[in-house]
1. Quick one: in segment A:239-255, which of the residues that are in a loop (DSSP other than H, G, I, E, B) and without any contact (Cβ under 8 Å) to a residue 60 or more places away in the chain is farthest from A:Leu93 (Cα to Cα)?
2. Are any residues in segment B:572-603 surrounded by 21 or more Cβ atoms within 10 Å (Cβ to Cβ) and in contact with a Gly (Cβ under 7 Å, 6 or more places away or on another chain), and if so, which ones?
3. Please state which of the following conditions A:Met19 fails to meet, knowing it meets all the rest: (1) in contact with a strand residue (DSSP E or B) (Cβ under 7 Å, 6 or more places away or on another chain); (2) closer than 16 Å to A:Asp70 by Cβ.
4. Regarding segment A:72-86, can at least one residue be identified that is within 14 Å of another protein chain (Cβ to nearest Cβ) and under 21 Å from A:Arg181 (Cα atoms)?
5. Of these, B:Gly369, B:Gly376, B:Gly431, which one is surrounded by 23 or more Cβ atoms within 10 Å (Cβ to Cβ), more than 23 Å from B:Ala507 (Cα to Cα) and not assigned by TED's automatic domain parsing to the domain that holds B:Met520?
6. Starting from residues that are among the hydrophobic types (A, V, I, L, M, F, W, C) and touching a residue at least 40 places away in the same chain (Cβ under 8 Å), keep the ones in segment B:487-505 and report whichever is nearest to the other protein chains (Cβ to nearest Cβ).
7. Any residue that is assigned to a helix (DSSP H, G or I), within 16 Å of ligand 4 (Cβ to nearest atom) and not hydroxyl-bearing (Ser, Thr, Tyr) - is there at least one of those in segment B:277-287?
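The values are calculated or read from the model by the stated rules, or taken from the named source; none is laboratory data. All of these numbers come straight from a predicted model, not from anything done at the bench. Cβ placement follows ideal geometry from the backbone for every residue including glycine, while neighbour counts extend to all protein chains displayed.
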Amino acid sequence: MENITLTIDGQKVEAKKGMTVLEAAQAANIYIPTLCHHPDLEPYGGCRLCVVEIENTRGLPASCVTPATDGMVVRTCTPAVDAERRTALELLLSTHPFDCLVCDRRKVNRRCTPYDVCLRSVAVTDRCVTCPANERCELQAVVDRLGMKSCRLPRVTRPYPIDSSNPFFEIDHNRCILCARCTRTCNELTGIGAIEMAYRGFSMKVSTFGDKPLFESICKSCGECMAHCPVGAMSPKDAVWPEKEVKTTCPYCGVGCQMLLGVKDNKVVQIRGERENNVNKGGLCVKGRFGVVEFVGHTDRLTKPLVKQDDGFAETTWDSALEEIANKLSRYKPDEVAVISSAKCTNEDNYVLQKFARAALGTHNIDHCARL
Amino acid sequence: MNQGKPAKSNERKIFVCHGTGCVSTKGMEVREALEKALAEARLQDIRVDFTGCHGFCEQGPIVFTEPDGVFYCHVGVKDVPEIVESHLRNGQPVVRLHFKDPLTGEVVPLFKDINFYKKQQRIVLRNCGRINPERIEDYIAVGGYEPLRKAFTEMTPGLVIEEIKRSGLRGRGGAGFPTGLKWSFCQQAPDFPKYMVCNADEGDPGAFMDRSVMEGDPHTVIEGMTIAAYAIGATEGYIYIRAEYPLAVKRVRIALEQAEKKGFLGKNILGSGFDFRVHVKEGAGAFVCGEETALIASIEGKRGMPRARPPFPANSGLWGKPTNINNVKTLASVTAIIANGADWYSKIGTEKSKGTAVFALTGKIANSGLIEVPMGIPLRKIIYEIGGGILNGKQFKAVQTGGPSGGCLPASYLDTPVDYESLAAAGSIMGSGGMVVMDEDTCMVDVARYFLSFTQAESCGKCVPCRVGTKHMLDMLSNICCGKGKPSDLDLLKELAEQIKVGSLCALGGTAPNPVLTTMRYFRDEYDAHVHQKKCPALACPELTNYYILPDKCQGCGLCLRACPVAAIAGGKRLVHVIDQEKCIKCSTCLDVCPRRFDAVAKASAEKIEVPSEPVPVTAKKPVSVASGSISEE
Ligand SMILES: Cc1cc2nc3c(=O)[nH]c(=O)nc-3n(C[C@H](O)[C@H](O)[C@H](O)COP(=O)(O)O)c2cc1C
Ligand code: SF4
Ligand code: SF4
Ligand code: SF4
């Protein structure tokens, strides 16, 4: 692809033709705040935090929707840009619990915990520490980055009930900043189209068809929308923070989605898609995202081989189990044996099993559970 | 195609207006009654027909006769026998149904003498109210589809674009972009197919210009659209009409069908080998869907939300293909330009704004209705000569142009010429043609609040400044109107307004602060009075006004007492009545019912009028000074 050069804040920046100004800046490690932009999604231009000044262009274009062109001269922090950005952020804050965001305590090392006495008389439900996205919230990050110290506007709320109809995650519209990442995800990425923006003006809201609870809609519970929410408006019902993450392949089907198991106290507590691979690029389905946690640690799960005895199953070691199988198999002719493999195994496992059936056992009776 | 021509020019005809206004005041029944009465009176040689809107809807149902040009207003079914007997049979027009000038009281029998029409120049509206909009023959008889024939047979697409460029026509949808230039962009776009879209969404409250054209002369629009399609090379077209305009939808559909039958639309138009099909898309009535990118999204079946440009629709519009979008009036002008030539058109108007502008003139004005005037005409001429001045001898205060996101201009701007540049310089916009006249009783803060409540509710919600910013502005204005405004609100309000203007994604948010900014600029004293003195100088904001019954004027007639909806008035026979300020809901009923000759109810803001605390005997006949001095109590 053709390369272009533009100047951002006096710095020469190389970019690919077709990139937006925001992408070009990000590629060059120049920070431009944004909340509605997500690399997985089509440019939107809603939050107006990414406005910039461009020479020979009128007004303050949003960099996320402005194509970068060769020779363009961009300024990302002029007084006009800063004023507009701060106004947009102040406006956004006025629709979101914001007392904690501009509280000094958040910035010093001494952070609040849920049991601290609040210095700002913030309602419990409005505190940072009770938000599932606390410390991972993109709004917090922007507020900190821009050094927002106060909000001159009164808080305007649209009190909505929390939609917790879905078994895995919930939507708290009271924290929603209407960036439309979720609705665009559901339409552009998953192609389901279960949620869209509804109503106009200040009444705008993320909604299902007919404004029904999510679980009564065509939603497939994949949680992709939740994974793209920059704030705590969509969050898993079981929100436990992992201590570390372990990369693995989803065991549910043969697609082989890469995932990061979030582990705490040696238990899987949360899962997210791994973006750096070409199989799922971060996406997961309902089973991978919400099923694996339960499945990995379930009490019914076999962790040791069992041998069938007269009075039920007995635990054994791998060595003796394999020996037992080998003994039994050797009593049959190849054509008397059939091998069934599983869609829950990886492609590699399945490959090895059919190889074992054909080459070791000498049978063509090899099949797989996913040929319904 | 001569068979469509109405017979001789001296054929006697009687037309009943069937615009939406006149239909709602039972114009259709009047026509049926006329047909019946004429048949009974054996006057079958007089043709009864209907037309689209005359633009003078408040006078409806309107009936007029040809060739004598007599104009009747407020015609009811009961008036029909008299019209038939006296006028049509005996040649004596019915004087009591003539138009009476609301200012002079003068009776004006003939259409051509009515000031409202006399001072207009009708190009876009040239056929509205003149022809039957449901008969293509009538349109052809007045020269219709000749421009199309001319364009298709005598001109190349390039020449058509050149002609439109030379005419100086600018888009009438609001932004005023040069139409010929826009067409050339779309013509040069390399992709295919191309689309031609007519923007008939018209969402401004109180505006009915586009609707009237579609209801009164749909073929003009279709013809202009087909010429545009030919020029840019579009093979498919959409007319986007809001579903709240059922009559316009119906007449446009009829017109499309007739035009296709006659070979002016569809396959191989006039044997040229050029195809053009037009679909009608009914919109669900969101104001923002008039914005071109939102309109495109809406046609595509998506939520009507604007997107950033570039890419402009000329390169990537409907279904990602080159698309040209024009307003109804723009297209109606195109037909006239091709018919009469660019030179003719460019002589009308000003240096930079050519042609005519159509306005829906409303408010506190004597003649309200639809008007068409040459660009550059001063506001004063529109308001005082065509509009007939302010009602009830009140003082002019402001005029708002450009619909809900236009600005309010004070009396000192009355000589501003109406054109794109001059209005913009004054802080207003041309918009798509709303013009609201306000008198001394209008509170400018309240006006700003009203317009903002519209734009806030109609904001698509996509971008933060417009969705949230207008909400805060509206809250502040509501507070100011209630006397709860803080001095710091005024600076914040202005700052927000300016940031919303630059920061919004589309022109809805980009222009929504205009009413606030202009009223703050020209009527700052009213804002200050509301905030600092808790006073509404126009006595219009209910929370800041009180009603008092003046003890030196009240005659104790009891009219107000009986009319008050919340029984807030105490009184009795020959007693001075007293309003309980706690109970009063400031509905103004007492003021309205108190007889003019008594004039005993007064309004006041931020001042207390001394009145008795309970009813006392009437003293009104006594000298004023004695009465008020002796009665008032603390
Ligand atoms: C909020 C908003 C509402 C609009 N509504 C209309 C409308 O009702 N009719 C219209 O013709 N143009 C409307 N426009 C202007 C269109 O975006 C577009 O400029 C116009 O249709 C182009 O046609 P023209 O070049 O003939 O003016 C609106 C623009 C905005 C921002
Ligand atoms: S969970 Fe998946 S299907 Fe359901 S709304 Fe979110 S993205 Fe759409
Ligand atoms: S729920 Fe989250 S992703 Fe969806 S619009 Fe609200 S803030 Fe954005
Ligand atoms: S300015 Fe208003 S109407 Fe336009 S895109 Fe933004 S929110 Fe929507």
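1. Here the answer is A:Val255.
2. Result: B:Val576, B:His577, B:Val578.
3. For A:Met19, the exception is condition (1).
4. If we filter segment A:72-86 for residues that are within 14 Å of another protein chain (Cβ to nearest Cβ), which is where we start, we get A:72, A:78-86.
Right, trim to under 21 Å from A:Arg181 (Cα atoms) and you get A:85.
There is at least one residue in segment A:72-86 that is within 14 Å of another protein chain (Cβ to nearest Cβ) and under 21 Å from A:Arg181 (Cα atoms).
5. On the way: B:Gly376 fails: surrounded by 23 or more Cβ atoms within 10 Å (Cβ to Cβ); B:Gly431 fails: more than 23 Å from B:Ala507 (Cα to Cα).
Being surrounded by 23 or more Cβ atoms within 10 Å (Cβ to Cβ), more than 23 Å from B:Ala507 (Cα to Cα) and not assigned by TED's automatic domain parsing to the domain that holds B:Met520 holds for just one of B:Gly369, B:Gly376, B:Gly431, which is B:Gly369.
6. B:Leu505
7. The initial filter retains those residues of segment B:277-287 that are assigned to a helix (DSSP H, G or I), namely B:287.
Next cut, within 16 Å of ligand 4 (Cβ to nearest atom) only: B:287.
Now restrict to residues that are not hydroxyl-bearing (Ser, Thr, Tyr): B:287.
There is at least one residue in segment B:277-287 that is assigned to a helix (DSSP H, G or I), within 16 Å of ligand 4 (Cβ to nearest atom) and not hydroxyl-bearing (Ser, Thr, Tyr).
So that you can scan it fast, the table gives a plain yes or no per residue for (1) in contact (Cβ under 8 Å) with a residue 12 or more places away in the chain; (2) more than 16 Å from ligand 4 (Cβ to nearest atom); (3) assigned by TED's automatic domain parsing to the domain that holds B:Gly503; (4) not aromatic (Phe, Trp, Tyr):
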{"site": "B:Phe264", "(1), (2), (3), (4)": "yes, yes, no, no"}
{"site": "B:Lys267", "(1), (2), (3), (4)": "no, yes, no, yes"}
{"site": "B:Arg307", "(1), (2), (3), (4)": "yes, no, no, yes"}
{"site": "B:Asn324", "(1), (2), (3), (4)": "yes, yes, no, yes"}
